[in-house]
Amino acid sequence: MQKQVRYSPSDFNKVFWFGAFESKVNPNTGVSVPTFSKKEKMHYKAQRKTITQRYALVGTALENTSIIVIRHSKLSDLYQYLKIADKTYKIIDCSIDDSNNYMTYDFLTIKESKGVN
């Protein structure tokens with residue numbers, strides 16, 4: 001049987017927004033510009049990587065990624081981008097726990113994004 005991860009509710013003290021990029025017209029130039037549009041607000045906990053994990057990721061596409069933990073939500077599958085403070089991140093991987101346990105968590109691997117990419 002797999003060990004269940006447990007966190008305190010007070011661990012989830014940071015906020016981010018799930019969202020998507022939408023085209024908005026710049027009123028000065030008339031050009032459509034992709035702009036992040038906030039959709040759903042969530043609380044999260046930052047998850048640290050061990051030194052061994054960091055060394056294992058050197059030279060891979062996951063080298064400059066971060067991991068955040070959220071309470072299990074169906075929103076994890078709906079969105080590709082999220083915004084923390086003023087930075088936009090792309091969701092690279094979702095480790096979703098859809099077991100029948102009372103408290104389950106999703107681990108999102110995210111990477112800073114400079115717009116739609």
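Would you please put 42-50, 21-29 in order of how densely packed they are, using the mean number of other Cβ atoms within 10 angstrom per residue and starting with the highest?
Sorting 42-50, 21-29 by mean packing, highest first, produces 42-50, 21-29.
Note down the net charge around Lys111, summing +1 for each Lys or Arg and -1 for each Asp or Glu among other residues with Cβ under 15 Å from its Cβ.
Overall, the nearby charge balance is +3.
In whole percent, how big is the carbon plus sulfur part of the accessible area of the chain, probe 1.4 Å, protein atoms only?
On the way: 4130 of 8370 Å².
That fraction is 49 percent.
Protein chains only, probe 1.4 Å: how do Ile51, Ile84 rank by accessible area, largest first?
On the way: Ile51 105, Ile84 30 Å².
Of Ile51, Ile84, the descending order of accessible area is Ile51, Ile84.
Compute the relative contact order of region 10-104 as a whole-number percentage, counting only Cα pairs closer than 8 Å that sit 6 or more residues apart in sequence.
The value is 29 percent.
Might you work out the accessible area of Val58 for me, using a 1.4 Å probe with all protein chains in place, and round it to the nearest 10 Å²?
90
Karplus couplings for region 66-81 from phi (6.51 cos²θ - 1.76 cosθ + 1.60, θ = phi - 60°), rounded to Hz, Gly and Pro as x?
Karplus values, whole Hz, x for Gly and Pro: 10, 10, 10, 10, 10, 5, 3, 8, 6, 5, 4, 8, 7, 10, 9, 10.
The values are calculated or read from the model by the stated rules, or taken from the named source; none is laboratory data. In this text the structure is predicted, and so the values were computed from the model without any measurement. Because the Cβ atoms are built from the backbone with ideal geometry, glycine has one as well, and the counts that use them run over all protein chains shown. When the accessible area is computed, the model is the full protein with side chains, heavy atoms only, and any ligands, DNA or RNA have been set aside. Shrake-Rupley method; radii C 1.70, N 1.55, O 1.52, S 1.80 Å.
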